[in-house]
Every structure is written in structure tokens, then in C-alpha cells.
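Report on the structure given below.
The values are calculated or read from the model by the stated rules, or taken from the named source; none is laboratory data. For clarity, every value in this text was computed on a predicted model and none was experimentally measured. Virtual Cβ from ideal backbone geometry, glycine too; neighbours counted across all protein chains shown. Ligands, DNA and RNA are excluded from the accessible area calculation, which covers all protein heavy atoms including side chains. Shrake-Rupley method; radii C 1.70, N 1.55, O 1.52, S 1.80 Å.
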Amino acid sequence: MRVLLQDLRYALRQMRMRPGFTAVVVITLALGIGANTAIFSVLDAVLLRPLPFTQPQKLVKVWTRFTGIGLPNDQNAVSPPEFRDFQQLNKSFSDLAAIGSGAVNLGVKGSPQRVVGASVSPSLFSMLGVQPFLGRTFLAEEGQPGRDHEVILSYGLWRRVFAANPDVVGSTVPVDGVPMTVVGVMPAGFEFPEESEIWGPLAFTPDDLSANSRGGHGLEVLGRIKPGLSLAQVQSDMDRVGKTMMEQNGAYPYAKYGFGIILHPLLEETVGDVRPALLVLMASVGLVLLIACANVANLLLVRASERQQEIGVRMALGASPWRLARQLLTESVLLALIGGLAGLAISPWLLGGLMALAAKTLPRTVNTGVDGQALLLTMAISLATGVLFGLAPALQARSKRNFEMIKSGRSTEGGQSKRLRRALVMVETALSLILLAGAGLLMRSFQQIIKVDPGFRPDGVLTMRIALPDALYSKPEQVRGFYSGLLDRVRSLPGVRAAGAVSGLPLSGLGGSGTTTIDSTSVPFEDTDPEADQRIVTPGYFQAMGISLVRGRLFDERDSNTAPPVAIIDESLAQTFWPNQDPIGKRVHPGGHGNKVPWETVVGVVRHVRNRTLEARSRVEVYWPEDQKPNGAMTLTILTFGNPMNLAPTIQREVSASDPDLPVYRVSTMGEVMGESVARRRLALILLGIFAGLALMLATVGIYGVTSYVVAQRQQEIGLRMALGAGRGDVLRLMMGQGMSTILIGLGIGLAAALLLTRLMRGLLFAVRPADPLTLCAAALLLMAVASVAILIPARRATKVNPVVALRYE
């Protein structure tokens, strides 16, 4: 301990003697360690931290599998009859709960609000093991039709809307125009499903459970596995359940869709598809830290070379090589710990900036912070980096060459030290190239996505959503009258070019789909009932969204509720089922072949629209006129002459004039909707771009510092060369050639590593190969250009050496 304290005091004195050197090292490490701490805090909150429920590892999401209908991973939601089958046939779950997500209009004190909510099985809260903050959860009998007039509030909604009034329990609030009794308030932080703020009991009517409702897939299902059973055992049991369901319901085309049951752990479902992106970012910020370590190691090697005479004197006075190595390691670890503390100090700011970028993009980030686990990781990283970058100068101190420094009176550098410095520069170059290549691939992918034609024109389009409560707008003519009158007034406003409404806005996550029967002989009969995207639209919608008419006509006043039923299809449906034919006048109808609803005549064909994502074509599409199929929840689409958001307050006032208790929500431009659909890709691109830029900066500083040191060490040699006739150009070429040879080797290593590592990013790329030659070449050229400048500046300084002065000094 006495020796350790002596080493620490000596290290502190050395740091005070070189404040500039100390500051550079601490800042370099603080950036690398702080960035690692911030990213780990997010990774911990999103991926590693267990869900705040009782035995969360026993909770699984239950999906049905339907192949060939354009669903992501073939996963489909569950219908009420299927949920009943799960309950009756399974042997592996201690409980199953169904969840119907949605949103409701909450009228409080004359201030209408649209609140995200869910209808849930009464047993959901006990299954999760969550107790209410106030009141109680639902009783089993409240899951029966006619007895489902209770609601539970979230903690945030209770504080925001009800001013944290404890007497709210037992009071009545209007929900979608229906008086509902508040029976409880959930604790702070509870939001299941995600973002839910109000819950009601899910009650199935006899119609919901009838055979006709077997195709109404709209429920999430959560199950708790019985003690002692593994996920594989439960999956085997549910495979049996799926086969039994197919046998008992032969009239439903389960076999056609490859029906099955899929189980996923709840944490995996909650995290979704962000895991690959977060792991790539964590690896990227780790590479930044390695570059910082290589940079600092090079700085310490340079400093150790300058201290060779001091080290030689200490060895001559009896200090052992291991004693000197331990002293240098102590200095490096102390520098690393100070850098770690500085990184910990800036990590809340870095984390705050990250959360500002990712607040609406990543799940489970509400309570993200630098906790004790992140603190321990920071200290561990600091110690590890201190040892890592301190090994090189510590090993150099053991060299017996240090005795020669006493006689020469100046420091010289051995071949081993030179090779180590070059190796560190190569490592920095290679790691920087990997990060630049990764950022370049994400940028190219983002550019390719932005170039995708979505099938509509987003420029100048304002969108906002309205949901009419069923209790107040129970008659179809009320719904038709509301939207018809509202749109007529909106179209008359100054600055409005066109206006319409749609049941599900493209790329918004809204919209429906279902089996649609096509009257066609061009494909086998069993293929004429595809799963199609289905939208209800008003006249003016296609014009407002810039969706081009390919053939026929658009909806107009002819398509009233008393007229024969009509439909508009997209070009993909027309080409698939009526190739080389005129689809106008052909027939379609919702539902399967056995559905007795009337046929609808096709009056128009429009361009295909990417409804779900820009990255893949949607299913075939069918549009119905709102007059013939009134729908309470619609999104207004208004094409404007100027900035769309300037008209938002005026249109909201028009809605309030129609119904003052009707909230307007999801107010945004269509451009913003498109931006939100690629938000996760943009976040990954921004962060990896920042890390690549930081790596490039660190590598540039390292290359410049090493080259400057080489120039200082070789002044006498350069002076001698110039005295013997070498010109300034010769000296410049010499220094540039030697510096760039190291860079080129590092680039070669980096390219080979990038070809291997960028394959791990395959799931984050779109229309770009991981080994895209254009991206890799651009990254290499950029790094080479920056490195050339970093070498050129000190190399030019070498050409200004005065030979007479250099030789006199020698």
C-alpha cells in the first residue's frame, strides 16, 4: 500500500507537470467512456432489464400463423372464437388474457381528449402481478356483456386530467359518450399495452363468439406458462391445439393459410425489431472506445520515449524493470479513472441527447438513466482501458536500452517502439474504416428508402384524425352527415386545394385488411379470395393525396347509400386477377366465397399505395365509398397551397363547430407521417454517423500526433539529407510515403474486416448489399483524404528544417 501511494503521488505530479497532455488524454477517454455509458444505459433499459411484472419470464404472446397474406413473419392477431379455443384446449397456461387495443374519446370538464386505451380480460392485471395504486382492478363478472361499464385509469392520466384527485375512484366519466365508473388507478409507470392510459373490461357477445367471427382477427393474447414447463413444451402443446382447431372448424380455410400458433416471450415482443440496431450501436461505440485507447496508447508511447533518460537514471539507481512498468501502469490507470469519471459526468448529457432523438422510437425508455449498473460498468471500462493502453509504454520501460540514454543525453526510439506505434495507427485506421463503412451503408439504405415511390404525393398534405363515438353517432346517416358537412366547409376554406378522408392513413399503422372475393377466371378458384388491404374513403381523398387514377373514375356523388355498391381497386389487384383485361365493370365483394354480401362493381383503378411500410409493397387494395360504408373513425387529408400546419387551427375550429366535445388528434403533415415510418432507421443512421465522425476525428488527431512526433525525432536526419542535396519535395515525399504506407495497410485490414462485420447489419439495410463496393470505396477514400491532410501538415513542417541549425544541434 505504501508503494502504491507513492506511485499515485508521483503519477499526480507527472500529470500536473503536463496539463496539456493530461487534458487531451482525459477528454479522449471521457468521450469514449461517456458514449459507452450512455448507449449501455439505453441497451440495459430496453433489452436487459426484466419487465416490471411477476415472473416476467413466464409471460408469452400468443399469435396465430397465417401464411401467404402479406403479414410480417406470418403473424396474425387472434379472433374471439380462437381465443375461446385457446382457453378450452390448452394444457400449458395457468391463465390467458385477451387485449383489444384502441383509443377512446374522454370528455372531462368540457375539454375533450383522445386517449390511448385497451379493452382487456379482467384477469390481465392479476396475471401480470400488478396491484392498483388506488381502488381495485376488474372483477371476473365485469367481463360479461352489459356489466362492462367500468374503467381503470393510468397514473399519468389521473394526474394530468383529474389533478390527482383520490376521490376519482367511484366517480363517473364519459368515455365515447357512455358514462363509465372509475374503479381504480394503476401505479406510476404501468403502461400495458404500450402507451395505454385507460382500460375497460373486454366482454364478448354471442355474435363475437359465433363462427362468422372466426376471421375477425383483432386481439392480442397474453399467456402465463404453468410452473415447471419450458417454452418448447408449451409450443408443442399449442401445436396440438392448432391441429385440433383445424379439425373442429373444417369450414374455415385454416389449411389454406398454413394455420398454426406462434409463441414469443413477452420481453422479445416488447422490444420488437430494435435489438439488432441497438447491438450494432453498442458494438460501434465499443469500437470508438478502442480507437480512443489506441490514440492514448500512442500518446503514452511518445511520452515514454521522451522520458527514456529519466527511466534510465532510475534503473541505474536500482529500480527494477517491473517496478518501472508498475509505475507507468499506475499512471495510465489513474488517467483512465479520471477519464472515466469525466465520462460519467458527461454521460447524463449524452443520454439526454440520445433520449431526445429516441423518445418516440425506442420502447421502454421512459425511466432510462445512468444507474448503479451503468456506474459499475463505467468503472470496469475505465480500469480495463487503463491497463489496455498502459501496457505498451510499460513493456517499453523494461527495455535495457534506457541505460544508453544516460550517456547520449537525449531520447531515441527503438525499432520495437516504432513498430508498435505503426501498429496502433493501423488499428485506428482499420476501426475507423469499419465505422465509416457501417454509417455509409445505413446512409445508402436511407437514401434508397426515401427514393421509394409510395404511390401518393405527401407535399402540402395536412392530416388529422377524428373518431365519432358510437353512442352519439349510432346511425349511419349521422356519420355520413358529419363528414359530408365538415368536408364541404373545409373545402371552402382559403388555401385548401382538395380535401377528403380515409379510414386508415398510409404508413400510419392504421387501416384494415380482410378476405376479399374476386370474380375472376384468370387464376385458380381457390386463389380468388386473397387478403386485401381495405380502405373506406370519401370523395376528394385520392385528389388530396395525389393518388393517380389509372383507369375508370373516382368516387363522387353518384356513389350514394342508395346506389348500387361500387369499389375502386389498385393496379396490383387488377394486374393479378384480370391480366390484359379491362377491370372496369368487374366484381368484388368483402369476405370469402361463402359470404352472401352483394357484389360490388369496380368503377376505377388507382395506383398501388404502400400502406404498411415504404420497404415493401402492400397487399392488393380495395377502396369503398364512405357513403355506402359509413365509418366513425376517419383521418382527414387536406391538400393545401402553403404550409399545411398553418391551416390546422382553422380546421380544428371547424370540427369543434360541428361537435365541441369531439377531440382532434394525430395532427401532422403527411411528410411527418412518412418520417415517423422510418424513424428507427433515421435514429440508427444518426447515431452511427456520430460515432463514425468521432472515430474519424480521433484517428485524425492520432495520425497527426504521431507524424508530428516522428518529424521532431528526425530533425537531424532530415537536416543531414537536405545538407547532402535533398530538396524540399524529396523530404515531403519521404514523410508522406512513410506515413501513407501505414495508412494503406490499415485500410487493407479495415476493408477485410468491414466485409465480414457489415454482414451483421444485413437486417438494417434496404436495397444495399453489405459488401457494397461504392460505400466501401467512398469510406476508404474519405479516410485516406483525411489521413493525408493529417500527415501533410507536419510533413510540410519537416521541409522547413534548416540544415545548418539541425547539424549544429547534432
Legend entry - Surface accessible to a 1.4 Å probe, per residue, for the residues of segment 56-128, Å²: 35 Å²
Inset, instruction - Work through the residues other than PHE125 whose Cβ is under 14 Å from its Cβ and net out their charges, Lys, Arg +1 and Asp, Glu -1. - result: -2
Inset, instruction - Please name which of TYR665, MET697, ALA163 has its Cα lying farthest along the dipole of the chain towards the positive end, using unit charges on Cβ (Lys, Arg +1; Asp, Glu -1) and the Cα centre as origin. - result: MET697
Legend entry - Point-charge dipole on Cβ atoms (K/R +1, D/E -1) for segment 191-268, about Cα centre, debye to 20: 540 debye
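Determine the gain in length on full extension of the stretch ALA211-ALA163; use 0.36 nm per residue of separation and subtract their C-alpha separation, reporting nm with one decimal.
Length difference between fully extended and current span is 12.7 nm.
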Legend entry - Contact order normalised by residue count of the chain, Cα under 8 Å, 6+ apart, percent: 16 percent
Inset, instruction - Give, as a single signed number, the net charge of other residues whose beta carbon lies under 15 Å from the beta carbon of ASP556, with Lys and Arg counted +1 and Asp and Glu -1. - result: -1
Inset, instruction - Give the calculated FRET efficiency between GLN738 and ARG16 to the nearest 0.05, with a Förster radius of 41 Å applied to their Cβ-Cβ distance. - result: 0.70
Inset, instruction - Please give the residues of segment 648-666, grouped as numeric ranges, whose backbone N is less than 20 Å from a label point set 7 Å along the Cα-to-Cβ vector of SER492. - result: 648-660
Inset, instruction - Could you give the size of the charge dipole of the chain about its Cα centre, using +1 on the Cβ of each K and R and -1 on the Cβ of each D and E, expressed in debye and rounded to the nearest 20? - result: 5060 debye
Legend entry - For segment 1-134: relative contact order, % (alpha-carbon pairs under 8 angstrom, 6 or more apart): 15 percent
Legend entry - R0 of 51 Å, Cβ-Cβ distance ARG326-ALA771: FRET efficiency to nearest 0.05: 0.65
Legend entry - Inter-site label distance for LEU229 and ASN595 at 7 Å from Cα along Cβ, in nm: 3.5 nm
Legend entry - Other-chain or far-sequence residues with amide H under 5 Å of THR669's (modelled H): THR463
Inset, instruction - Report the paramagnetic label zone for LEU549: residues of segment 477-513 whose backbone N is under 19 Å from a point 7 Å from Cα along the Cα-to-Cβ axis. - result: 497-502
Legend entry - R0 of 60 Å, Cβ-Cβ distance SER658-LYS256: FRET efficiency to nearest 0.05: 0.85
Inset, instruction - Could you rank the peptides 220-229, 33-42, 616-625 by their average count of other C-beta atoms within 10 Å per residue, with the highest value first? - result: 33-42, 616-625, 220-229
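Let's see if you can work this out: charge +1 on each Lys and Arg Cβ, -1 on each Asp and Glu Cβ, no other charges. What is the dipole magnitude of segment 660-810 about its Cα centre, in debye to the nearest 20?
I would put it at about 340 debye.
Within the accessible area of the chain, what % is carbon and sulfur when the probe is 1.4 Å and the other protein chains stay in place?
Heavy-atom surface of the chain belonging to carbon and sulfur, 1.4 Å probe: 58 percent.
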Legend entry - Added length on full extension, which subtracts the Cα-Cα distance from 0.36 nm per residue, LEU510 to LEU782: 93.7 nm
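For a 22 Å ceiling on Cα separation, which of these pairs sit above it: LYS61/LYS91; LYS61/LYS226; LYS61/LYS243; LYS586/LYS629; LYS58/LYS243; LYS596/LYS629?
Going by Cα-Cα distance, LYS58/LYS243 fall outside the 22 Å limit.
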Inset, instruction - Return a whole-number percent for the relative contact order of segment 67-190, with Cα pairs under 8 Å and 6 or more residues apart as the contact set. - result: 23 percent
Inset, instruction - Mind ranking 276-289, 370-383 by how tightly packed they are, going by the mean number of other C-beta atoms within 10 angstrom, highest first? - result: 276-289, 370-383
Inset, instruction - Determine the gain in length on full extension of the stretch GLU191-SER94; use 0.36 nm per residue of separation and subtract their C-alpha separation, reporting nm with one decimal. - result: 32.6 nm
Legend entry - Positive-pole candidate from ALA232, GLY763, VAL622, dipole of the chain, charges at beta carbon: GLY763
Legend entry - Charge-dipole axis of the chain as Lys and Arg at +1 and Asp and Glu at -1 on Cβ define it, positive-most pick from LEU383, THR635, ALA795: ALA795
Inset, instruction - Give a residue-ordered list of calculated ³J(HN,Hα) values for segment 714-722 (Karplus: 6.51 cos²θ - 1.76 cosθ + 1.60, θ = phi - 60°; whole Hz; x for Gly, Pro). - result: 9, 4, 5, 4, 5, x, 5, 4, 5
Inset, instruction - Enter the accessible area of TYR665 (Å², nearest 10), with the probe set to 1.4 Å and all protein chains included. - result: 40 Å²
Legend entry - Per-residue ³J(HN,Hα) for segment 786-791, Karplus 6.51 cos²θ - 1.76 cosθ + 1.60, θ = phi - 60°, Hz, x for Gly and Pro: 5, 5, 4, 5, 5, 7
Inset, instruction - Take the alpha-carbon centre of segment 1-79, take the same for segment 551-577, and report the distance between them in whole Å. - result: 53 Å
Inset, instruction - Excluding LEU357 itself, calculate the net charge of residues whose Cβ lies under 15 Å from the Cβ of LEU357, where each Lys or Arg counts +1 and each Asp or Glu counts -1. - result: +3
Legend entry - Cβ crowding within 10 Å averaged over residues, with 150-161, 521-532 ranked highest first: 150-161, 521-532
